[in-house]
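Right, one structure below, let's go through it.
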Amino acid sequence: MPTVKKVPLAIEGMHCNSCASGIQMVLQSTEGVVNASADYGSKKGEVEFDEEKTNLDNVIKAIEQLGYKATPSGS
Ligand SMILES: [Cu+2]
């Protein structure tokens, strides 16, 4: 049974809407990620991933490889 976890993210370093859609695209093509979104205006994002296939560290690393900084946000 898949265990999907949803984590809100605070994302630093985005400077336009295409940054946000770039992050979104890369996350969505990352193994184990079920759904992802990023929003330039609010500097926030959200990722849903299958805990059996990946983990939050991998998701954050994928964002860092693009040159942005992501931290899980409380709400
Ligand atoms: Cu940009």
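The values are calculated or read from the model by the stated rules, or taken from the named source; none is laboratory data. Everything numeric in this text was worked out from a predicted model, so none of it was measured. When we count neighbours, we look across all protein chains shown, and the Cβ atoms used for this are built from the backbone with ideal geometry, even at glycine. Side chains are part of the model used for accessible areas, which takes the heavy atoms of the whole protein and leaves out ligands, DNA and RNA. Shrake-Rupley method; radii C 1.70, N 1.55, O 1.52, S 1.80 Å.
A few notes on this one:
- Taking the helices alone, the chain has a mean residue ellipticity at 222 nm of -9000 deg cm²/dmol, built from -39,500 (n - 2.57) per DSSP H run of at least 4 residues and averaged over all its residues.
- Figure note: 39, 50, 57 ranked by solvent-accessible area, largest first, 1.4 Å probe, ligands and nucleic acids not counted: 57, 39, 50.
- Over segment 4-72, accessible surface divided per residue gives 57 Å², non-protein components excluded, 1.4 Å probe.
- Rounded percent of accessible protein surface that carbon and sulfur make up, segment 4-72, 1.4 Å probe: 46
- Base-10 log of normalised Debye intensity for the chain (one unit scatterer per alpha-carbon) at q = 0.16, 0.19 Å⁻¹: -0.47, -0.66
- Of the residues 3, 30, 54, ranked by 1.4 Å probe accessible area with the largest first, the sequence reads 3, 30, 54.
- Dipole magnitude (debye, nearest 20) for segment 4-72, charges at Cβ of Lys, Arg, Asp, Glu: 200
- Pairs of Lys residues in segment 17-75 that lie 8 or more places apart, or on two chains, and have C-alpha atoms under 17 angstrom apart add up to 5.
- Heavy-atom accessible area, probed at 1.4 angstrom with all protein chains present, ranks 14, 25, 1 as 1, 25, 14, highest first.
- Residues whose amide H comes within less than 5 Å of that of residue 34, counting only those at least five positions distant or on another chain, are 48, 49, 50 (H built at 1.01 Å from N in the peptide plane).
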